[in-house]
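First the structure, in the form of structure tokens, and then the observations on it.
Derivation of every value follows stated rules applied to the coordinates shown; laboratory data play no part. Since the structure is predicted, the reported quantities are computational estimates derived from the model, not experimental observations. FYI the Cβ positions are ideal-geometry reconstructions off the backbone, even for glycines, and counts take in every protein chain you see.
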Amino acid sequence: MIDDELKWTDHIEHIYNKLLKYTSIFYKLRVQVPARLLPNIYYAFVHPHLLYATEIYGNMYPTYIDKLFKLNSKLLRILQYKGTRSHVPDLYFTYNTLPITLLREQQLLILAHKII
């Protein structure tokens, strides 16, 4: 999604609204599903949305990206039964993923490697 000014704000809003729906679902789901399957659920439902076109929209203003970062951190906290004061890098380390800014850099490096 791209707007008439060639900005990715609509795309970021679309991702945010889509991932926001998972917060209540994950609260209910984490009780029903074994803890060993929760990372698979994260990688199936959340990670692909963050990963798609991150090389392009990840270069937006930090205020737009920060919104996605906070929501992703919240989803990781829910799935890992952590409180709001939990250490954020530990959340990402436990699920073997990266924050959205580092995820963008990783995807850019992978793209450059494929090109070379």
Problem set entry | Charge tally in the Cβ shell below 11 Å around D3, where Lys, Arg are +1 and Asp, Glu are -1, D3 excluded | -3
Exercise. For M1 and L109, what is the calculated FRET efficiency with R₀ set at 22 Å and r taken between the beta-carbons, to the nearest 0.05?
Worked result: 0.30
Problem set entry | Peptide ranges 51-58, 83-90, 106-113, 70-77 listed from the most packed, as the mean C-beta count within 10 angstrom indicates | 70-77, 51-58, 106-113, 83-90
For this session: Just the number, please: Stokes-Einstein D of the chain in µm²/s, Kirkwood Rh from C-alpha pairs, 20 °C, 1.002 mPa s.
Result: 143 µm²/s
Exercise. For a label point 7 angstrom out from the Cα of V88 toward its Cβ, which stretches of the stretch 9-24 have the backbone nitrogen within less than 16 Å?
Worked result: none
For this session: Would you mind counting up the charge near P62? Only other residues with Cβ under 13 Å from its Cβ, with Lys and Arg at +1 and Asp and Glu at -1.
Result: +2
